[in-house]
1. Within the stretch 84-106, take every residue that is out of contact with any Ser or Thr (no Cβ under 7 Å at 6 or more places or on another chain) and surrounded by fewer than 16 Cβ atoms within 10 Å (Cβ to Cβ) and give me the one that is nearest to Ser31 (Cα to Cα).
2. Name the single residue, out of those in the stretch 231-246 being assigned to a strand (DSSP E or B) and aliphatic (A, V, I, L, M), that is surrounded by the fewest Cβ atoms within 10 Å (Cβ to Cβ).
3. Taking Arg206, is it under 19 Å from Gly75 (Cα atoms), buried (at least 23 other Cβ atoms within 10 Å of the Cβ) and of a type in the set (Lys, Arg)?
4. Pairs, please: C-beta under 6 Å, at least 6 apart or cross-chain, first residue closer than 14 Å to Val121 by Cβ and of a type in the set (A, V, I, L, M, F, W, C) and in the stretch 80-101, second at pLDDT 95 or above and assigned to a loop (DSSP other than H, G, I, E, B)?
5. Out of curiosity, is Ser249 over 19 Å from Asp183 (Cα atoms), among the small types (Gly, Ala, Ser), in contact with a Gly (Cβ under 7 Å, 6 or more places away or on another chain) and crowded, with 24+ Cβ neighbours inside 10 Å?
6. Run down Ile261, Ile228, Ile220 and say which single residue is farther than 30 Å from Ser39 by Cα, at pLDDT 95 or above, out of contact with any Cys (no Cβ under 9 Å at 6 or more places or on another chain) and not in a loop (DSSP other than H, G, I, E, B).
7. Could you run through the stretch 59-83 and say how many residues are surrounded by 18 or more Cβ atoms within 10 Å (Cβ to Cβ), among the β-branched types (Val, Ile, Thr) and part of a loop (DSSP other than H, G, I, E, B)?
8. Can you list residue pairs whose Cβ atoms sit under 9 Å apart, with the first residue in the stretch 232-243 being farther than 16 Å from Gly10 by Cα and free of Cβ contacts under 8 Å to residues at least 60 places away in the same chain and the second being buried (at least 24 other Cβ atoms within 10 Å of the Cβ) and of a type in the set (Val, Ile, Thr)? Count only pairs 6 or more apart in sequence or on different chains.
Amino acid sequence: MDARSPETSGLSGLIPTGAELAVLATGATWSEGPVWMPSTQSVRWSDIPGNRILEYSAVNRSVSVYASDVEFTNGRTLDHDGSVIQCSHGRRRIERDRDGVVTPIVDSYNGVRLNSPNDVVVAADGSIWFSDPPYGIVVSIEGHPGEREYGDNFVFRHDVDTGDTRPVVIDVEEPNGLAFSPDGSILYVSDTSAALRTDGGNHHIRAYDVDGTRCKNGRIFAVIGDGISDGFRVDIEGNVWTSTASGVSVYSPDGRSLGHIAVPEVVSNLCFGGPDGTTLFITASTSLYSIATSTRDAASTTPARPQEA
């Protein structure tokens, strides 16, 4: 395991002195969608063009192929019951993986197929919120060629009790990463329309006030000057940790830049995990990295949905 002392300017209160950036695994084609699995003390992530899901065990420090021929999975998160909810580019759906058994959750809106769900979060009430940009139907190595059947790119909310799926954010060109603030009152959405364009496009994170099942008061939270905000997480203090082309940038709840962690590959996404939840795991191009922090994911403090008797 390779380790180095990275540049972590401005993050003295969030990154412990002497923290090292460690390479945990390499050999992927494009790493994405990491999630910490408390039940197995491991990180699960996607190698999208490789059409496989990888898993790094923090117990024995080994890497394994969790599943192959997975139809180009991308982002994932844990549901309140511990099962994995993941985005499938190839199947154009949100699906659940419970102990290796994969079942569909939602694959359509108004009678037509979704584009290629990219990132997903679960709200405190158990509803599933996901972004639906076109990357899996326009990038040949990340899915299958297809059409935007509803003609746009939305962020949706899926009610698991009623089966109702409806847009909650419609003013983002190409929605990508998602995360809630610690109290769930703000939804952050990255717009990465600059990723595939040569004539401009957006490379910022927007913030929305969550009003029950709706979002309002959309505004730009932070502009990413170095690449795009492909994926991000929010910590318990409300700071946003986002991927960039050269590492991980951190923003305060009011959008101020706090600092940056330099990573030697283009970063796609990240998640918090480890035994105490304070390790930051970073997916970057071919590799999985980690670095110690002094905080943890806001989602770890979100009250779980009440269980039925």
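1. Going through the qualifying residues, I end up with Gly100.
2. For the stretch 231-246, the residue satisfying everything is Val234.
3. On the way: under 19 Å from Gly75 (Cα atoms): yes; buried (at least 23 other Cβ atoms within 10 Å of the Cβ): no; of a type in the set (Lys, Arg): yes.
When the stated conditions are applied, Arg206 does not pass them.
4. Ile85/Asp79; Cys87/Pro117; Cys87/Asn118; Ile94/Pro117
5. Details: over 19 Å from Asp183 (Cα atoms): yes; among the small types (Gly, Ala, Ser): yes; in contact with a Gly (Cβ under 7 Å, 6 or more places away or on another chain): no; crowded, with 24+ Cβ neighbours inside 10 Å: yes.
Spelling it out, it is not the case that Ser249 is over 19 Å from Asp183 (Cα atoms), among the small types (Gly, Ala, Ser), in contact with a Gly (Cβ under 7 Å, 6 or more places away or on another chain) and crowded, with 24+ Cβ neighbours inside 10 Å.
6. Ile220
7. Qualifying residue count for the region: 1.
8. Pairs found: Phe232/Ile205; Phe232/Val240; Phe232/Thr242; Phe232/Val248.
The values are calculated or read from the model by the stated rules, or taken from the named source; none is laboratory data. All figures in this text were calculated on a predicted structure; none of them were measured in a lab. FYI the Cβ positions are ideal-geometry reconstructions off the backbone, even for glycines, and counts take in every protein chain you see.
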